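A short worksheet on the structure shown next.
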Amino acid sequence: MIRLDHIAVAGATLAEAVDWVECALGVPLQPGGKHGLFGTHNRLLGLSDALYLEAIAVDPAAPPPGRARWFGLDRFSGPARLTNWICATDDMDAVLARLPGAGRPVPLARGDLRWTMAVPDDGMLPFDNLHPALICWSTPTHPSATLARSGCRLRRLLVSHPQADALADILQPVLADTRVVLEPGAPGLLAEMETPHGIKVLR
């Protein structure tokens with residue numbers, strides 16, 4: 001019922017997030033856009049297998065959104081790092097009935113893109129923000145199809161948390177993706193990436 005859609009790297013500024021990804025992978029990110037409802041902006045990187053990577057940060061030029069920002073960005077501090085994984089569904093209501101911790105559905109638009117994102121009221125996802133965020137695209141063309149090929153491919157996404165077994169139990173009925181591995185450990189994400197420069201790791 002859900003499938004891996006993209007991964008997100010957050011930074012104290014968008015420049016920091018972009019620089020971190022570009023240095024780690026050795027490829028340039030492409031233009032993204034602004035999210036007025038949440039006061040954030042992003043840059044993007046197309047990956048193989050209809051996935052993409054998003055570098056995201058609070059937009060200092062945007063007015064305060066009057067609500068908690070998604071991905072827990074109101075509480076973000078420290079160096080840029082891989083912070084979130086996002087899964088897509090074709091039936092947001094049905095999935096939220098199974099995964100209510102993902103939040104409330106929020107309709108969004110930017111340019112030709114239309115989508116609904118589930119966002120918790122406080123902006124923070126369960127399991128220390130490591131529960132997958134949920135997205136439902138309303139436009140026929142997925143963003144990954146509009147991005148230039150980067151030569152990068154996600155090999156494995158490791159989700160570590162002290163309660164990884166509990167998270168796995170929650171996700172097992174709705175997510176089947178051998179690239180996603182959940183294991184006990186300190187909270188964090190690690191992505192193994194194939195790149196034009198060999199295997200690189202984001203964490």
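Please verify whether the stretch 80-97 includes one or more residues that are of a type in the set (S, T, Y) and either assigned to a helix (DSSP H, G or I) or surrounded by 15 or more Cβ atoms within 10 Å (Cβ to Cβ) (or both). Yes - at least one qualifying residue is present in the stretch 80-97.
Can you say whether L113 is surrounded by fewer than 19 Cβ atoms within 10 Å (Cβ to Cβ), modelled with pLDDT of 95 or more and not charged (D, E, K, R), as far as the supplied structure shows? No. For the stretch 152-203, the candidate set comprises residues that are in contact with an Asp or Glu (Cβ under 8 Å, 6 or more places away or on another chain) and part of a loop (DSSP other than H, G, I, E, B); within that set, the residue that is nearest to R81 (Cα to Cα) is P187.
Can you find a residue that is within 21 Å of R43 (Cα to Cα) and at pLDDT 95 or above anywhere in the stretch 167-187? Within the stretch 167-187 (the criterion being within 21 Å of R43 (Cα to Cα) and at pLDDT 95 or above), the answer is no, since none of the residues qualifies.
Looking for something over 18 Å from the mean Cα position of the chain (by Cα) and touching a residue at least 12 places away in the same chain (Cβ under 8 Å) - is there at least one such residue anywhere in the stretch 115-126? No, the stretch 115-126 has no match at all.
Restricting attention to the stretch 162-203, the residues being farther than 21 Å from A88 by Cα, more than 17 Å from the chain's Cα centre (by Cα) and not small (G, A, S) number 11.
Each row is one residue, and each column tells you yes or no for (1) under 16 Å from L37 (Cα atoms); (2) in contact with a helix residue (DSSP H, G or I) (Cβ under 6 Å, 6 or more places away or on another chain); (3) surrounded by 17 or more Cβ atoms within 10 Å (Cβ to Cβ).
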site	(1), (2), (3)
G101	no, yes, no
P107	yes, no, no
A118	yes, yes, yes
D122	yes, no, no
L125	no, no, yes
C136	no, yes, yes
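Among the residues of the stretch 160-191, the ones that are in contact (Cβ under 8 Å) with a residue 24 or more places away in the chain and hydroxyl-bearing (S, T, Y) come to 1 in all. Of all the listed residues (A12, A8, A55), the sole one being in contact (Cβ under 8 Å) with a residue 40 or more places away in the chain, closer than 24 Å to P187 by Cβ, part of a loop (DSSP other than H, G, I, E, B) and within 17 Å of the chain's Cα centre (by Cα) is A12.
The values are calculated or read from the model by the stated rules, or taken from the named source; none is laboratory data. Bear in mind that the values here come from a model prediction, so they are computed numbers and not experimental data. Neighbour counts are summed over all protein chains in view; Cβ atoms, including those assigned to glycine, are modelled from backbone coordinates with ideal geometry.
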